[in-house]
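What follows is one structure encoded as structure tokens, with my remarks underneath.
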Amino acid sequence: MPIQRKLVQAVDDAADRSCCLCRRRGDHLHYLNRDPDDQRFENLVLLCFVHHEEALRSPMAEDLVRVRAAWYEKVRARRAQPPPAQLPSVLRAILVHEVRKLRYELQHRSQDWPVVEGLIRRLQPHADEGDAALRKEVMDALDVAAAKTRAGMPPETARALFEVAAATAIRGSLVVPEPRKNRDADRSLLESAAYVGFVVAHDGAKYLHSLPVVDAGANILAMVLRYAHLNKLRRVEARARTYFEKARKQAADDAARWLQFKEADAVAPDAAIPDDVARQLRE
Ligand SMILES: [Zn+2]
């Protein structure tokens with residue numbers, strides 16, 4: 001029985017179009033009880049192609065229910081609580097100091113990757129609670145981390161960068177346009193995030209030849225592009241596209257095609273993932 005469009009939209013929106021396990025783009029609706037005729041919202045979970053294959057191979061329905069609930073809750077909470085317009089100035093001064101300390105440490109722990117990853121993750125709460133000015137500080141620190149990509153950043157560190165950069169720059173839905181009118185602060189934050197994504201994708205391709213690192217950078221760029229496209233932020237959209245193009249020019253063939261795919265997919269999300277790239281990402 002063909003799946004109803006409304007149901008697909010409901011699941012997409014609840015999961016913010018992301019895989020419940022890893023936050024990559026969700027490509028596949030997985031039937032938890034393996035019965036495609038059971039088209040209840042509760043029986044469906046959105047997964048990326050990697051995790052969808054994993055779910056088909058091994059029984060993990062219970063885990064998926066738990067992870068899905070946690071992810072839906074996170075998406076709901078993020079949407080329900082818009083960031084404060086402004087923090088009290090004393091509090092902000094303290095938090096800015098904290099974030100700058102983390103940035104300083106990032107600058108000076110050059111290739112101790114687990115430490116770098118830990119520092120990146122410690123920025124996340126500041127992004128979650130911060131106003132636009134504090135989130136800009138967080139993005140500056142992420143920028144410092146992104147500059148380390150070429151020194152041999154492993155995929156896990158790049159993934160942490162993607163997760164924190166995306167959560168810092170994008171608070172709203174990636175499925176439906178934002179109702180908010182004033183997004184001036186968001187614009188510069190989105191452009192900074194796009195730059196972070198560009199550096200990771202570009203350096204991952206040019207210096208590391210690591211497709212998973214390119215993928216992490218491309219994910220940041222793709223989320224910015226999708227959000228900008230959805231909300232008609234034309235300047236941000238143009239900036240993200242320029243970064244995609246610049247990163248592609250420095251990339252070997254498979255990475256270049258992956259960047260092309262991610263760019264197209266961000267605005268027209270029905271493209272098929274190229275098989276050979278899928279294989280490499282699965283490793
Ligand atoms: Zn996944």
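For A133, are the conditions met, namely being touching a helix residue (DSSP H, G or I) at 6+ places or on another chain (Cβ under 6 Å) and part of a helix (DSSP H, G or I)? For A133, the condition - touching a helix residue (DSSP H, G or I) at 6+ places or on another chain (Cβ under 6 Å) and part of a helix (DSSP H, G or I) - is not met. Find the residue count for region 1-55, including only residues that are crowded, with 16+ Cβ neighbours inside 10 Å and β-branched (V, I, T). Going through region 1-55 one residue at a time, the tally reaches 3.
Which of the following residues is farther than 23 Å from K206 by Cα and at pLDDT 95 or above: V175, V144, V138? Steps first, answer last, please.
Numbers: V175 fails: at pLDDT 95 or above; V144 fails: farther than 23 Å from K206 by Cα.
The conditions single out V138.
Is it the case that region 66-89 has a residue that's aliphatic (A, V, I, L, M), in a loop (DSSP other than H, G, I, E, B) and either within 14 Å of the ligand (Cβ to nearest atom) or farther than 22 Å from R171 by Cβ (or both)?
Of region 66-89, the ones aliphatic (A, V, I, L, M) are 67, 69-70, 75, 77, 80, 85, 87.
So of that shortlist, the ones also in a loop (DSSP other than H, G, I, E, B) come out as 85, 87.
Pick out the ones that are also either within 14 Å of the ligand (Cβ to nearest atom) or farther than 22 Å from R171 by Cβ (or both) and you get none.
Among the residues of region 66-89, not one is aliphatic (A, V, I, L, M), in a loop (DSSP other than H, G, I, E, B) and either within 14 Å of the ligand (Cβ to nearest atom) or farther than 22 Å from R171 by Cβ (or both), which makes the answer no.
Does region 45-55 contain at least one residue that is touching a Lys or Arg at 6+ places or on another chain (Cβ under 9 Å) and over 28 Å from A218 (Cβ atoms)? No - not one qualifying residue is present in region 45-55. In the set L46, L56, only one residue is over 18 Å from the mean Cα position of the chain (by Cα) and either on the phi < 0 side of the Ramachandran plot or within 9 Å of the ligand (Cβ to nearest atom) (or both); that residue is L56. Tell me which residues, restricted to region 209-243, are in contact with a Leu (Cβ under 9 Å, 6 or more places away or on another chain) and free of Cβ contacts under 8 Å to residues at least 40 places away in the same chain. A228, E237, R241, listed by residue number. A167 fulfils the conditions (1) at pLDDT below 95; (2) among the hydrophobic types (A, V, I, L, M, F, W, C); (3) farther than 19 Å from A222 by Cβ except for a single criterion, (3). Against the numbered list (1) within 16 Å of the ligand (Cβ to nearest atom); (2) over 27 Å from T157 (Cα atoms); (3) among the hydroxyl-bearing types (S, T, Y), Y31 comes up short only at (1). From the list P59, P83, which residue is under 23 Å from A127 (Cβ atoms) and at pLDDT below 85? Just a single option satisfies the conditions, and that option is P83.
Go through E245, E156, E263 for me and flag whichever is of a type in the set (D, E), part of a helix (DSSP H, G or I) and crowded, with 21+ Cβ neighbours inside 10 Å. Spell out the reasoning first.
Numbers: E245 fails: crowded, with 21+ Cβ neighbours inside 10 Å; E156 fails: crowded, with 21+ Cβ neighbours inside 10 Å.
Selected residue: E263, the only one of E245, E156, E263 that is of a type in the set (D, E), part of a helix (DSSP H, G or I) and crowded, with 21+ Cβ neighbours inside 10 Å.
Cβ-Cβ contacts under 7 Å between residues 6 or more apart (or on different chains), taken from a first residue in region 22-50 that is farther than 17 Å from D63 by Cβ to a second residue that is of a type in the set (S, T, N, Q) and more than 9 Å from the ligand (Cβ to nearest atom), are listed as R24/N219; Q39/Q4.
The values are calculated or read from the model by the stated rules, or taken from the named source; none is laboratory data. The model shown is predicted, which means the values in this text are computed figures rather than measured ones. Positions of Cβ are generated from backbone atoms using ideal geometry, with glycine treated the same way; all protein chains shown enter the neighbour counts.
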